[in-house]
Amino acid sequence: MITELRDRTRADRFANDVRQNQRKRRNRGRFVYLAAVLALFVWLLDMLVGSYVRLRAEGLVVSDYAVVASPYEVQVVDVRVAPGQRVRRGDVLAVVTSPRISELIATLTARQAETTARLADLAIRLEVTDALMQAARQRLADTTEQLERVNRARGETGFVSDAFVATIQRDHYAALMESVSREAESRTARKLWEELEATREEARLALDKLRADFDDGVIRAGADAIVGPNVVRRGDVINPGDHLMALYSGEKYALVYLETGTLYAVRVGDRVEVSGGFTQTSGRIVEVLPLSVPLPSEFQRAFRPPARGQVARIALDEAERFPIAAPIAVRGDQIVPGFDFLTRSRLSAFAGEAVQAARAAFGSEPEEEWSVAGSARRPERAGPTATGAIPGR
């Protein structure tokens, strides 16, 4: 009686036949090759036109800064700080000397001394003028009274000669001239006194201000800050307007240069991702300036015309992670600006789910077991069975 059908072994099959496994490997290799070609094409397309479709910009981490300069020609005597050093308000930054300042101080001092000497001479002159003016007034009063008596006597008796009357009139005129001259001289001297007093006060204030500003050549920090990278050295001669150093103070922020003529619009309040190498943080656009400026030299592309960009300011969530003047790259939080459901966080979650699904799919595929010797063992397959019996067998 036949109870089962035996599977017959084919003549072209061997125990170590790996053609089925090779076919599966070739399929996987083609998939990897197509994925690599597609990734290269997407990368090239993003390099060429990606900045016009999604937010991608470069910039620097900066902060508000003040430039330490001198309006006069000075020579650096001593430098008390180094680049990157933190300083407090009132700390000494450098010590300088200036022949020009010394000359100005000497000139103002001599001017003040000269004005004081002229005021002293004028005080003596005023004292003499006041004394002579009192005598002139008294003489004028006497000659006026004498002239009145002569004129009255001449009118009553008529025995006063004309020569005597003329003499009295000349004396009265001379007394009047002297009185008027003394009064005019007194007014002029007092006016000159006021002008000299104002000149001396002006010279004193200018001298005090110059000494206070120069402070014997000691330059101090005006606020808590960080010293910039460029610092003068001892012995350098600084021309008027040249920088001794820069002091960075306040909160750090990102200053980026946006591409113009894009298919998207950047608005105040948009969230962005800021990265510098492996350091990353988030930020928010707080200001977009309505002007376009040339990009710094480190952001210019070789063999291309000078590029320009629209300036934007970004407030960083973790500004302390970036040093000042660090180059950064800015990416939009939204892959396609204007579509809230296409954000990087959601894309990351979707990518994670896709990876898990792919692992699950590859892990569920049946794979042939391999022996230690390298030969493949085919799984056992049950042959067809017969329940009927053959008579006579």
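The values are calculated or read from the model by the stated rules, or taken from the named source; none is laboratory data. Fair warning: this is a prediction, and the values are worked out from it, not measured in the lab. Positions of Cβ are generated from backbone atoms using ideal geometry, with glycine treated the same way; all protein chains shown enter the neighbour counts.
Using the structure shown, decide if residue 228 is closer than 23 Å to residue 79 by Cβ and surrounded by fewer than 17 Cβ atoms within 10 Å (Cβ to Cβ). Show your work before the answer.
Working: closer than 23 Å to residue 79 by Cβ: yes; surrounded by fewer than 17 Cβ atoms within 10 Å (Cβ to Cβ): no.
Judged against the criteria, residue 228 is not a match.
Checking each residue in region 189-220 for being part of a helix (DSSP H, G or I), surrounded by 13 or more Cβ atoms within 10 Å (Cβ to Cβ) and not charged (D, E, K, R) picks out 189, 192, 193, 196, 199, 203, 206, 207, 210, 214, 217. When 322, 299 are checked against the criterion of being of a type outside the set (Gly, Ala, Ser) and at pLDDT 90 or above, a single residue qualifies: 322. List pairs: first residue in region 217-237 and more than 18 Å from residue 324 (Cβ to Cβ), second residue of a type in the set (Gly, Ala, Ser) anywhere in the structure, Cβ distance under 6 angstrom, at least six positions apart or on different chains. Note: pairs meeting the criteria are 219/94; 220/90. The set of residues in region 39-79 that are without any contact (Cβ under 8 Å) to a residue 12 or more places away in the chain and either acidic (Asp, Glu) or at positive phi (or both) contains only 46. Screening the candidates 175, 163 for the property of being among the hydrophobic types (A, V, I, L, M, F, W, C) and touching an Asp or Glu at 6+ places or on another chain (Cβ under 8 Å) yields one hit, 175.
I need a count of the residues in region 84-104 that are of a type in the set (D, E, K, R) and within 18 Å of residue 239 (Cβ to Cβ). Before the answer, list the steps.
Going residue by residue through region 84-104, those that are of a type in the set (D, E, K, R) are 86, 88-89, 91, 100, 103.
Cutting the leftovers down to within 18 Å of residue 239 (Cβ to Cβ) gives us 100, 103.
So the count comes out to 2.
Let's see how each residue does on (1) within 30 Å of residue 78 (Cα to Cα); (2) within 51 Å of the chain's Cα centre (by Cα); (3) not aromatic (Phe, Trp, Tyr):
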{"site": "164", "(1), (2), (3)": "no, no, no"}
{"site": "170", "(1), (2), (3)": "no, no, yes"}
{"site": "176", "(1), (2), (3)": "no, no, yes"}
{"site": "180", "(1), (2), (3)": "no, no, yes"}
{"site": "190", "(1), (2), (3)": "no, no, yes"}
{"site": "195", "(1), (2), (3)": "no, yes, yes"}
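Taking each residue of region 293-304 that is in contact (Cβ under 8 Å) with a residue 24 or more places away in the chain and looking for partners that are assigned to a loop (DSSP other than H, G, I, E, B) with beta-carbon atoms closer than 6 Å, six or more apart or interchain, yields 295/307. Residues that are closer than 22 Å to residue 311 by Cα and β-branched (Val, Ile, Thr) within region 28-66 comprise 49, 53, 61, 62, listed in sequence order. Scanning region 44-87 for residues being in a helix (DSSP H, G or I), among the hydrophobic types (A, V, I, L, M, F, W, C) and either modelled with pLDDT under 85 or closer than 18 Å to residue 243 by Cα (or both) gives a total of 5.
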